[in-house]
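Read through the structure below, which is laid out as structure tokens, and then see the notes.
Quick note: the coordinates plus some simple rules give every number you see, no bench work behind them. Because the structure is predicted, anything quoted here is derived from the model rather than measured. Cβ: placed from backbone, ideal geometry, glycine included. Neighbour counts: every protein chain shown.
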Number of protein chains: 4
Amino acid sequence: MDVPGNVGYTFGGRKPIAEIEPGELVRIRTRDCFNSRVQSVDDLPSKVCRWPELNPVTGPLYVRGARAGDALAVHLVDLTPAAEVGFSATFPHFGALTATEATAMLHPALDEVVWEYPIDLEQRTVRFVSRRSENGFARDLELAPMLGTIGVAPAGGEVRMSIVPGAHGGNLDSPLVCAGTTVYLPVNVDGALLAVGDGHALQGEGELCGVGVEVPMDVTLVVEVLSGVAGWPRFETDDRVGAFGIARPLEDAYRGANLRLVNDLAAFNGIDPLDAYQFVSQVNHARIGNVVDAEYTIVASIAKHHIIGAQPYYGVHRALREIGRAG
Amino acid sequence: MDVPGNVGYTFGGRKPIAEIEPGELVRIRTRDCFNSRVQSVDDLPSKVCRWPELNPVTGPLYVRGARAGDALAVHLVDLTPAAEVGFSATFPHFGALTATEATAMLHPALDEVVWEYPIDLEQRTVRFVSRRSENGFARDLELAPMLGTIGVAPAGGEVRMSIVPGAHGGNLDSPLVCAGTTVYLPVNVDGALLAVGDGHALQGEGELCGVGVEVPMDVTLVVEVLSGVAGWPRFETDDRVGAFGIARPLEDAYRGANLRLVNDLAAFNGIDPLDAYQFVSQVNHARIGNVVDAEYTIVASIAKHHIIGAQPYYGVHRALREIGRAG
Amino acid sequence: MDVPGNVGYTFGGRKPIAEIEPGELVRIRTRDCFNSRVQSVDDLPSKVCRWPELNPVTGPLYVRGARAGDALAVHLVDLTPAAEVGFSATFPHFGALTATEATAMLHPALDEVVWEYPIDLEQRTVRFVSRRSENGFARDLELAPMLGTIGVAPAGGEVRMSIVPGAHGGNLDSPLVCAGTTVYLPVNVDGALLAVGDGHALQGEGELCGVGVEVPMDVTLVVEVLSGVAGWPRFETDDRVGAFGIARPLEDAYRGANLRLVNDLAAFNGIDPLDAYQFVSQVNHARIGNVVDAEYTIVASIAKHHIIGAQPYYGVHRALREIGRAG
Amino acid sequence: MDVPGNVGYTFGGRKPIAEIEPGELVRIRTRDCFNSRVQSVDDLPSKVCRWPELNPVTGPLYVRGARAGDALAVHLVDLTPAAEVGFSATFPHFGALTATEATAMLHPALDEVVWEYPIDLEQRTVRFVSRRSENGFARDLELAPMLGTIGVAPAGGEVRMSIVPGAHGGNLDSPLVCAGTTVYLPVNVDGALLAVGDGHALQGEGELCGVGVEVPMDVTLVVEVLSGVAGWPRFETDDRVGAFGIARPLEDAYRGANLRLVNDLAAFNGIDPLDAYQFVSQVNHARIGNVVDAEYTIVASIAKHHIIGAQPYYGVHRALREIGRAG
């Protein structure tokens, strides 16, 4: 089904805009994080954007059959930028190499600058063009679309701004959340209330300046509901399986991601947790998502060929991928 | 030349064991971090190792022509495990998923367990074998030799234990320090006083349990001396160039690595630092080295094809690689 | 007025239970953080408490005349424990000297133990009695009642669990929030929607084990509404004025509290921010509230006799204190 | 005895300048952290100081009878500023509210400014005088002399710059290290090799801007050697006993200080560690030393009247205080 483009700025606290079925291909067009208000390099985000109308998410979608206590598998079938240009920026007092509201200092903000990135879907490139360099500098970069924000209604009756990551998912800002990935989220309320947004045509590891190459995105996804699977944000692709760590300081994100991976591996393979700890220590990836948001994110993962026997999570990733390919 | 195997437990404070020439192939055999005292799974490190005789480094080597203020390029030509087995372990109160001396808690230590990893140099594998799992679990893993420890005499007259990372290099514990990599280090005293050790047949991202697959290593390296290059640990391969961040908490390691990369790119390409900040934000890798040592490490890097014109660092990486290939 | 005891478990998302007038003495009885379910040392919190029904707050109270954008001054006139005993506990995987959900490790939880503290309002003491020590250990400690949780509806349409601290106040867990203190909070929605709870008969600096001496509390407070005052949690007593820092890691709480104090002092005294920075550097207190909650807290303050001329915040603290004394 | 003023810039790696006896009153004049190079507000530290000749420490002193494995009690009898003015400054990229080498950012340094503080030993005041405020601002502040740096030769053969804190003591920068305090340090080498420096006429909690009111200091101290006492920096006054935490991030300093205090209390009183944990949670102070140096510091302490029976550490504090009073 094609989902209408209704957006909001929170996870939780809003009524569903549509209902979706597990196994059904869902097509959504998301707005960019600037809510379409940046249209040229002269549109400074701090001037044209109105807090809290930042980082709009499309949804929420009520998933039929999802009950509180389940887990929701969201498989991203396709992500295609829905504009000819993306924008990035230095936003005042936001980013990893600047004083921020949280890491508060006496420095005035860095200069606010907007960069426009032409996108070529045929060539699969986004083009960086310098703004302040005397002799200029431009580079065609490989397009690598991802979704910065994917989440559900939080637990405990909370409502969180869409710009915040947490146990409900939200603004995870990990480049690993791209086409081909399945993200597992907790179901905290009936229907899960899934929403997505914050497409990036490209983003480095950590989202250093706090802003990816922001772009509206045509998202094709398909979901499934799992019972009896622990509902913390987890991660699977054809090749790898893992978990998110979502915390500050960054070592706590590292700890959380890896502890979940260790415990998952112990459960998958029926082995002792210390054996799993040792094994993960030698073979894990631990890839940084963001080091700029209210909570930092890391994805820890291992190759799936280390899982004995059955597919993890009942093979739901494979099943959803097949639906995506057939669709 | 073949360097004698004299080891020590500090960077700084020791006399050179040999002199080496820039451009000369140097062959060193390093001991493992346990100083050869773990020879079976029954040798618990906390029992058989004697502090501070941990993490022996071979050297120091006096580099002819290196003057305080220069930078030292150390190119790793080859790393070959020099034993048929490697060992890993859970060391009491050391690692990322346990209370430690620094992250102090009331928990007793996790059980101390040693794992023995058979190494097959022909097949290029190391074999994990579970120790505590009822039904067992074993896996042949791809051999990926690296050097945990590479450093020089520290600045300011300091002497640091070889187990500590810092501005002088030392126990960086990054899987990216492998054959084919050039590490740049500051020269703080005449002769630089290079030492290396702590070979790992394999290590995951972050060295989760605090211990890689520890193994003596046959190291072939070649060095060059650079004047006028800022002497913080930096990183180069055929494809990528970058910098280390070495700090706690982990976000500060991320900041340091990326700030150096941003400033380096601005200098390499003659562009504005904010343009470099934006560019790095979209294309960087930021790979975690260790989250267990006295300082955590991250390597931030970008692809070298983004560097305009000349090779970075006067092309020393390429020149050293050619020497290695010819050797 | 006497406020009915209706409680909830969130800031935001709930309807007011009463309206209050600025300048009016308000009497509230709060429940303890265990929601009265711990009545003896045999009632283990993890067994008798039901998440998310933890840390109940009484309210919210609609403050007449408070408009979004104002600040709310809440002066605590009196805090009197409303029970003959308080309880504390080690709660599984919660506290500063244990692995937690956020600082995730492989350790099993510390033993869960409950301590009962008899309270003597005449003698102004709470009595510690050991639970596990062979020869016993008991001590009469000075009663020092405080409110762990004081907050308003969050900004941005958020709803936060009452156990979480943030820009809206919430579970600040600072021993400085005691009788005689005025806490300033932002008004994010009309009426502010003030709620309070989590009384402690006593708490150390940092709330080390995660739990104070928890007790229902008779709270007498009086509020005032201020226009044109920045709405971040601030702090004032007869002698001192300051600001809260609320962040992880703890140095960011330190930074935030002190930056606000520096900027406030610069504004109060009409001096240059660098002069204020220097001055605060030599005379500030920076007292740790909690090092256990979702965000850590620190209060930075200076003596009020360093403020030139007029009382800070239009003298509202003094005015409210007089109402309290008269009442 | 009066110790000659020989200074150095490291702990470890230097020969003793004098030998002292336990129980002997020792008089030392320390230089200020600028090594006397700042003599007016026009002497910018970054211009007049030469790295690494910063933070000179007087010593080391060989303590007769101190053997590796012992602990050294250093009681500060008197601290009297030895100059008519002290100086403070904003040092480029150093301090808690600025980007630093460790917390690396793109911001240029804050302006470098020097403040001169006239000292009145009769009135016991230091006078702040603004430098950049149009209408001026001056305040007489209470003199509160302390020693920023107190340490011994490090363990493991290390040599550390005097500006770095660590397990050997060093640049702890805690306002609690003042006259009347006994600091306990590990003895890592025979003679301990004590050195002191970095007097502050006054310093706030955290040394916010990175620099106290720096002043040469006349130090009177007396030492004792203890066998069988764990050699981590600990703290005692007439009223309180506690331990230092020395780590980054700041919560790890909090953890380390409190874990040591909990374990000490359990040992002093012969009680269960969980009882001690609970008790400390309700009564501890946790006072921030510095949030600016290579490691942050916190002192956790409790009132000594909670110690059952004998004085802690064999009553050495009381004995040394008596010597000081008699002297």
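Here are a few things to note about the model shown:
- Around D:Ala300: net Lys/Arg minus Asp/Glu count, Cβ-Cβ under 12 Å: +3
- Proximal lysines to D:Lys304, defined as alpha-carbon separation beneath 16 angstrom and excluding residues fewer than eight positions away on the same chain: none
- For B:304-316, mean number of other protein chain Cβ atoms within 10 Å: 1
- At q = 0.07, 0.09 Å⁻¹ the log10 of I(q)/I(0) for the protein assembly as shown amounts to -0.71, -1.26, computed by Debye summation with a single uniform scatterer per C-alpha, solvent ignored.
- Residue-count net charge about A:His93 - beta-carbon cut-off 11 Å; Lys, Arg +1, Asp, Glu -1: -2
- Rounded to the nearest 10 degrees, the inclination of helix C:316-326 to the longest alpha-carbon principal axis of chain C is 60 degrees.
- When chain A is turned onto chain D, the axis of that turn runs closest to one Cβ of chain A, and that residue with its distance in whole Å is A:His107, 2.
- Nm distances between copies for B:Asp111, ranked from closest, using label points 7 Å along Cα→Cβ: 2.2, 6.1, 6.4
- Angle in degrees between helix A:273-283 and the longest Cα principal axis of chain A, rounded to the nearest 10: 40
- Dipole axis of chain D (+1 Lys, Arg; -1 Asp, Glu on Cβ), positive-most option in D:Leu72, D:Ser174, D:Gly204: D:Leu72
- If you take the Cα centroid of segment D:1-77 and the Cα centroid of segment B:216-284, the two points sit 37 Å apart.
- Each copy carries a label point for D:Gly5 at 7 Å from Cα along the beta-carbon vector; from one copy to the others these points are 5.4, 7.0, 7.6 nm apart, nearest first.
- Mean per-residue shielding of peptide C:267-275 is 6, counting Cβ atoms of other chains within 10 Å of each Cβ.
- Placed amide H near C:Ala192: partners under 5 Å, 5+ positions off or other chain: C:Val63
- Sum of side-chain charges, B:Arg37 neighbourhood, beta-carbon under 13 Å (Lys, Arg +1; Asp, Glu -1): -2
- Gaussian network model of chain D, springs between alpha carbon atoms under 10 Å - residue of D:Gly309, D:Gly199, D:Gly245 with greatest fluctuation: D:Gly309
- Nm distances between copies for D:Asp140, ranked from closest, using label points 7 Å along Cα→Cβ: 4.2, 7.6, 8.5
- Remark: chain C carries a charge dipole of roughly 380 debye about the Cα centre, counting +1 on each Lys and Arg Cβ and -1 on each Asp and Glu Cβ.
- Segment C:234-326 - percent relative contact order, Cα under 8 Å, separation 6 or more: 34
- Segment C:169-186 - phi-based ³J(HN,Hα) in whole Hz, Karplus 6.51/-1.76/1.60, Gly and Pro as x: x, x, 7, 6, 6, 10, x, 6, 8, 9, 4, x, 9, 9, 9, 9, 10, x
- Contact order, relative form, for chain C: 23 percent (alpha carbon pairs under 8 Å, 6 or more residues apart, mean separation divided by residue count).
- Assigned charges on the beta-carbon of Lys, Arg, Asp, Glu; segment A:234-326 dipole about Cα centre (debye): 240
- Each helix, a run of at least 4 DSSP H residues, gives -39500 (n - 2.57); summed and divided by the residues of the protein assembly as shown, these come to -4500 deg cm²/dmol at 222 nm.
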